[in-house]
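Trainee: Take this structure first; my questions come after.
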Amino acid sequence: MLPPPDAFWSELQVQTSRSSGPGGQNVNKVESRVELRFDVAHSQLLTDEQKQRILEKLGPQLTADGLLLVTAQEDRSQLRNKELALLKLHDTLAKALHRPKPRKPTKPSKGAVRKRLDSKKRLGEKKANRRPGLDL
């Protein structure tokens with residue numbers, strides 16, 4: 001179970017910069033783009049098992065220092081972008097920790113097998129009837 005998103009603030013490094021995209025002069029003056037850095041390996045909130053699973057799943061997305069970077073620049077407000085980045089981080093970690101249900105192998109029922117074979121037989125007979133010169 002992953003801690004709630006608000007619990008992560010104590011372990012995050014937050015950096016702001018100027019955002020690209022629409023916003024008029026606001027873009028040139030305000031640092032609304034937010035970048036969160038989360039050190040998975042040294043986190044106090046995660047168990048060792050959770051850390052290991054996250055490092056395995058998100059290995060290619062981590063920096064050389066082992067930091068997970070998440071950015072948000074969708075909104076003109078820095079505060080809203082911080083919230084969005086935190087939600088992105090939480091979703092990313094939740095997806096990495098998700099364990100899919102194991103698939104139970106199943107066999108088709110006897111009726112389904114019979115129906116499939118009957119269908120194939122009918123189709124083969126239909127094609128055989130199209131061949132010329134087989135009348136005896």
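Trainee: Cut-off is 10 Å between beta-carbons; in what order do HIS98, HIS90 appear when sorted fewest neighbours first?
Mentor: In increasing order of surrounding Cβ atoms, one gets HIS98, HIS90.
Trainee: Also, quick follow-up: If you take the beta carbon distance between ARG18 and LYS88 as r and set R0 to 25 Å, what does 1/(1 + (r/R0)^6) give as a FRET efficiency, to the nearest 0.05?
Mentor: Plugging the Cβ-Cβ distance into 1/(1 + (r/R0)^6) gives 0.80.
Trainee: List the residue ranges in the chain for DSSP H helices whose C-alpha atoms run 15 angstrom or more along the long axis and whose Kyte-Doolittle average is -1.0 or above.
Mentor: Passing helices, by number: 78-97.
Trainee: Out of the chymotrypsin sites (Phe, Trp or Tyr not before Pro) in the range 1-78, which ones are loop residues according to DSSP with at most 11 other C-beta atoms within 10 Å?
Mentor: Listed in order of number, the matching sites amount to none.
Trainee: Can you tell which of VAL30, VAL70, VAL40 shows the greatest fluctuation in a Gaussian network model of the chain with Cα springs below 10 Å?
Mentor: It is VAL30.
Trainee: Could you work out the mean projected area of the convex hull around the alpha carbons of the range 77-136, in square nanometres to one decimal?
Mentor: 10.5
Trainee: Would you calculate the separation in nanometres between label points at GLU35 and ARG99, each defined as 7 Å from the Cα along the Cα-to-beta-carbon direction?
Mentor: If labels sit at GLU35 and ARG99, their model points lie 3.5 nm apart.
Trainee: Which loop-located GluC sites (Glu not before Pro) does the range 1-87 contain, where loop means any DSSP state but H, G, I, E or B and the Cβ has at most 16 other Cβ atoms within 10 Å?
Mentor: Here the GluC sites (Glu not before Pro) that fit, given the DSSP loop and packing criteria, are GLU31, GLU74.
Trainee: Considering just Cα atoms, how many Å³ per residue does the convex hull of the chain enclose?
Mentor: Once divided by residue count, the hull of the chain is 254 Å³.
Trainee: Please give me, ordered by residue number, the trypsin sites (Lys or Arg not before Pro) of the range 44-103 that lie in loop per DSSP and have at most 11 other Cβ atoms within 10 Å.
Mentor: Filter output for the range 44-103: ARG103.
Trainee: For the pair THR47/SER77, report the inter-label distance in nm, with labels modelled 7 Å from Cα in the Cβ direction.
Mentor: Between THR47 and SER77, the label points sit 3.7 nm apart.
A short reminder: the numbers here are calculations on the coordinates, not readings from a lab. This structure is a prediction, so every number in the text was calculated from the model and none was measured. We place every Cβ from the backbone using ideal geometry, glycine too, and count neighbours over all the protein chains shown.
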